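The values are calculated or read from the model by the stated rules, or taken from the named source; none is laboratory data. What you see is a predicted model; the values in this text were computed from it and never measured. As a convention, Cβ positions derive from the backbone with ideal geometry for all residues, glycine included, and neighbour counts pool all protein chains shown.
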Amino acid sequence: MITTRLLIGGLLVLLAPSVFAHAVLLGSTPSSEQVLDAAPEEVVLNFNENVGPIFFKVLDSAGTEVGAPGEIRVDGNDVFLPLGDTLDNGTYIVSYRVISADTHPVGASFLFAVGEPIAAGNTVADAGGATSGWQWPVALNRWLLYAAGTLAAGSGLLLVLLNLSGGALSVARRQGRIAALLSVAALLIAPGIGGAEMLAAGAGGLFSLASWAMGLGSTLGPSALLGIPGALLLWFGLGKEQPSSGMLLLGTALLIGSYLVTGHAATASPAWVMAFVVGCHLLAVSFWFAALWPLRQGVTELQPVAAAELLENFSTRGVWAVGILGISGLVISWVQMQGLAAFLTTDYGNRLLIKLGLVVFIIGLALLNKLRLTAKVRAAEEGGVQALRQSIKGEYVLIVLILGFAMSLTLPSPPRALAAVGGAQAGAADGFATEVTKGDVTAKVDVTPGRPGENMIMIRFQDAEGNPIELAEARIFLSLPAASLDGIEKIGEAMSPGMYHFMSGEMIIPGEWALRIDAYIDDFDKRILQTNLTIR
């Protein structure tokens, strides 16, 4: 029963829609839609963080790679593509795909011209933003690694910090060893499926050497290099009758360290501070998570006084774990959120708010255990042991769900990255605005920067009196009839009552783009509004 509930909770988290992009293109040379008098000697991309290039190329209007590009060079947050041949006059498209610091692939394309205006109706496809079905196996594997890795590391800490015996000790060893093996499996497969996602590979991507090379060349490689030895040390140490504390602590440190070389929380600036904070956060979670089932076993088999002493011994250390968890969580949230409003206006903030709500609930259960149920167990009151067992079981379920939401935070762009998008776009152009009305629904549309490349589309829905309309869902469909481009669909992210946010990297060709808006008032009432967007 508990396993089913955990899997359902995890799958609900994994199936939530997300924006898979964390690195942000802040600028380029040539810039998007720039007309140059002379051909450039190189093309430069500037991102908000260090990235690893997957591909970076210049194409002509026929889609052929041109310019005799040299070796791609990365210098800090800048990526350089030297051009060996001089470009003729004409329109060109820059297409790129890079790996952000948290291993998510990010790609897009933009146009520039040499010696003449940008040609209308350019039909070169955007290969940089390609996605594949590998994002879901990657997310599921990451969730498994979060759960198994913290359980294995916490089991090692538990044997060092608590004097366990009997069934509680057996449970701690057994769960830790199983979790360590699952961690090894997840770490081994991560570079392969991660590389397949980065390359937008097909179904056979896992069996491609290129996928494995790409994955191992990203931060997934160092993560596996640290985590696999750590998990094996824990597996070996937890199997010994009298394990060495040094071995268990080293295994724990290596396994926790594997999380710190990848992921956008640990790699946020300043990286060394955030890595330390995230490490403390994970250690606290690991200790708490790993202690629950051994404590449940101890309460079941020990005499009342001995069971109460075990619970109080854990509680003394648990107070420190909760304190570390709370302080480190506040620091991580402060860095990632960029203000309280983002909790309600971004997908990342919504997920984090749910996670924090679960944390508050689990702390409430822990306080109930400490202040009331432990006393009932010590006094051997009828039903005390059963009530405590159920409460601990509830804590276990909550922690697995919390880990699921922690994994889900790696999917949407954090507000600090969205702020970088907004800052880059605010300085780039004035954008484009229009509105369209159908019946009693008006959609006010703002497009920023209104140029070929990635655009942010904000739509405010209002009724006939000008009041915001809260929708069940908002979708848009983009097409460019002049270039025979269609089928671009986006689901809106609710920002505030009546306001929805869309990001589109497909509007790479200037012209009159057709916009269809599907506004779902409820499950049975949909309004379709249509207008045009001018991309210059």
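For region 490-502, indicate whether the set of residues that are out of contact with any His (no Cβ under 8 Å at 6 or more places or on another chain) and either assigned by TED's automatic domain parsing to the domain that holds ASN350 or over 25 Å from LEU340 (Cα atoms) (or both) is non-empty. Scanning region 490-502 turns up at least one residue that is out of contact with any His (no Cβ under 8 Å at 6 or more places or on another chain) and either assigned by TED's automatic domain parsing to the domain that holds ASN350 or over 25 Å from LEU340 (Cα atoms) (or both). Of all residues being over 20 Å from ILE402 (Cα atoms) and outside any helix (DSSP H, G or I) in region 333-358, which is modelled with the highest pLDDT? Just the residue, please. My answer is LEU340. Based on what the data block shows, is ALA168 under 20 Å from ALA406 (Cβ atoms), hydrophobic (A, V, I, L, M, F, W, C) and either outside any loop (DSSP other than H, G, I, E, B) or touching a Cys at 6+ places or on another chain (Cβ under 7 Å) (or both)? So ALA168 fails the test.
Sort out which residues of region 500-536 are touching a Lys or Arg at 6+ places or on another chain (Cβ under 7 Å) and farther than 18 Å from ARG460 by Cα, and write them in order of number. If the condition is that a residue be touching a Lys or Arg at 6+ places or on another chain (Cβ under 7 Å) and farther than 18 Å from ARG460 by Cα, then PRO510, ILE535, ARG536 are the ones that fit. State whether the residues of region 515-522 include one that is modelled with pLDDT under 90 and either not assigned by TED's automatic domain parsing to the domain that holds ALA443 or not aliphatic (A, V, I, L, M) (or both). Within region 515-522, one or more residues are modelled with pLDDT under 90 and either not assigned by TED's automatic domain parsing to the domain that holds ALA443 or not aliphatic (A, V, I, L, M) (or both). Taken over region 128-141, the criterion of being surrounded by 24 or more Cβ atoms within 10 Å (Cβ to Cβ) and farther than 30 Å from VAL94 by Cα is satisfied by no residue. Considering only residues that are of a type in the set (Val, Ile, Thr) and outside any strand (DSSP E or B), look in region 54-88 and name the one that is farthest from ASP37 (Cα to Cα). Among those residues, the one meeting the criterion is ILE72. If ARG372 passes every condition in (1) closer than 19 Å to LEU310 by Cα; (2) in contact with a helix residue (DSSP H, G or I) (Cβ under 8 Å, 6 or more places away or on another chain); (3) without any contact (Cβ under 8 Å) to a residue 12 or more places away in the chain but one, which one does it miss? ARG372 satisfies all of (1) closer than 19 Å to LEU310 by Cα; (2) in contact with a helix residue (DSSP H, G or I) (Cβ under 8 Å, 6 or more places away or on another chain); (3) without any contact (Cβ under 8 Å) to a residue 12 or more places away in the chain except (2). For region 456-463, the count of residues that are assigned to a loop (DSSP other than H, G, I, E, B) and touching a strand residue (DSSP E or B) at 6+ places or on another chain (Cβ under 8 Å) is at least one.
Condition test on ILE509, is it of a type in the set (Val, Ile, Thr) and at pLDDT below 85? It would help to see each step written out before you state the result.
Numbers: of a type in the set (Val, Ile, Thr): yes; at pLDDT below 85: yes.
Yes: the conditions hold for ILE509.
Listed conditions (1) at pLDDT below 85; (2) in contact with a His (Cβ under 7 Å, 6 or more places away or on another chain); (3) not hydroxyl-bearing (Ser, Thr, Tyr) are all met by GLY439, apart from (2). Here VAL421 passes the criteria (1) modelled with pLDDT under 85; (2) among the β-branched types (Val, Ile, Thr); (3) over 30 Å from the mean Cα position of the chain (by Cα) except the one numbered (3). Within region 92-105, is there a residue that is touching a Pro at 6+ places or on another chain (Cβ under 8 Å), of a type outside the set (D, E, K, R) and farther than 30 Å from ILE193 by Cβ? Scanning region 92-105, I find no residue that is touching a Pro at 6+ places or on another chain (Cβ under 8 Å), of a type outside the set (D, E, K, R) and farther than 30 Å from ILE193 by Cβ, so the answer is no.
ARG536 passes every criterion in (1) at pLDDT 90 or above; (2) within 25 Å of THR91 (Cα to Cα); (3) basic (Lys, Arg) apart from (1).
Each residue in region 255-270 was checked for being in a helix (DSSP H, G or I) and either more than 17 Å from the chain's Cα centre (by Cα) or modelled with pLDDT of 90 or more (or both), and 4 of them qualify.
For (1) polar (S, T, N, Q); (2) under 15 Å from VAL385 (Cα atoms), each residue gets a yes or a no:
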| residue | (1), (2) |
| --- | --- |
| GLU301 | no, yes |
| ALA307 | no, yes |
| LEU310 | no, yes |
| PHE314 | no, no |
| VAL319 | no, no |
| GLY323 | no, no |
| SER328 | yes, no |
| TRP334 | no, no |
| MET337 | no, no |
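Among the residues of region 197-217, those identified as touching a residue at least 24 places away in the same chain (Cβ under 8 Å) and surrounded by 14 or more Cβ atoms within 10 Å (Cβ to Cβ) are GLU197, MET198, LEU199, ALA200, ALA201, GLY205, MET214, GLY215, LEU216, GLY217.
All conditions in (1) in contact with a Lys or Arg (Cβ under 6 Å, 6 or more places away or on another chain); (2) outside any helix (DSSP H, G or I) hold for ARG296, with the sole exception of (2).
What about ALA474, is it of a type in the set (Gly, Ala, Ser) and more than 29 Å from the chain's Cα centre (by Cα)? No: the conditions fail for ALA474.
Matching residues to (1) under 26 Å from VAL24 (Cβ atoms); (2) hydrophobic (A, V, I, L, M, F, W, C); (3) touching a residue at least 12 places away in the same chain (Cβ under 8 Å):
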position	(1), (2), (3)
ALA433	yes, yes, yes
LYS444	yes, no, yes
GLU470	no, no, yes
ILE476	yes, yes, yes
GLN530	no, no, yes
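Answer yes or no: is there a residue in region 182-192 that is part of a helix (DSSP H, G or I), at pLDDT 95 or above and over 23 Å from the mean Cα position of the chain (by Cα). Within region 182-192, not a single residue is part of a helix (DSSP H, G or I), at pLDDT 95 or above and over 23 Å from the mean Cα position of the chain (by Cα).
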